[in-house]
Amino acid sequence: MTKKQEKQSPPTTPTPDVQSDRSHANAYWRANLRVIAILLSVWFTVSFGFGILFVKSLNEISFFGFKFGFWWAQQGAIFVFVILIFVYVVWMERIDRRFGVSDDDRQSR
């Protein structure tokens, strides 16, 4: 087949299996993006909101001898970030199992 013949051939429509795989992959990607958006919004709220916007209100509270707003900006946001990492891992493992792309599924095959 020449290059000219390749250009003139009509585009092929995807088979139902390919379309199903694409919709499955798109659903997986949407679930992944949803998790990321939720966790990033929590992180933003905790770090920016509590550490900057609400710091004056939080500073009225004493926490281990420190103003709570100061403590939160220095330590609390870091603790929440580490917790969010573990939440992300567990949440994505569940999504991976639900969509059949878990590493555990691949090892057992």
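Given VAL80, VAL90, which one is modelled with pLDDT of 90 or more and within 15 Å of the chain's Cα centre (by Cα)? Exactly one of VAL80, VAL90 is modelled with pLDDT of 90 or more and within 15 Å of the chain's Cα centre (by Cα), namely VAL90.
Listed by first and then second residue, the pairs with beta-carbon distance under 6 Å, at least 6 apart or on different chains, first residue in the stretch 95-108 and surrounded by 13 or more Cβ atoms within 10 Å (Cβ to Cβ), second at pLDDT below 90, are ASP96/SER102. Among the residues of the stretch 51-109, those identified as farther than 30 Å from ALA31 by Cα, of a type in the set (Gly, Ala, Ser) and not in a helix (DSSP H, G or I) are SER62, GLY65. Here PHE44 meets each of (1) surrounded by 14 or more Cβ atoms within 10 Å (Cβ to Cβ); (2) modelled with pLDDT of 90 or more with one exception, condition (1).
The values are calculated or read from the model by the stated rules, or taken from the named source; none is laboratory data. Nothing here was measured: the structure is a model prediction, and the numbers come from that model. Note that each Cβ is placed from the backbone with ideal geometry, even for glycine, and that neighbours are counted across all protein chains shown.
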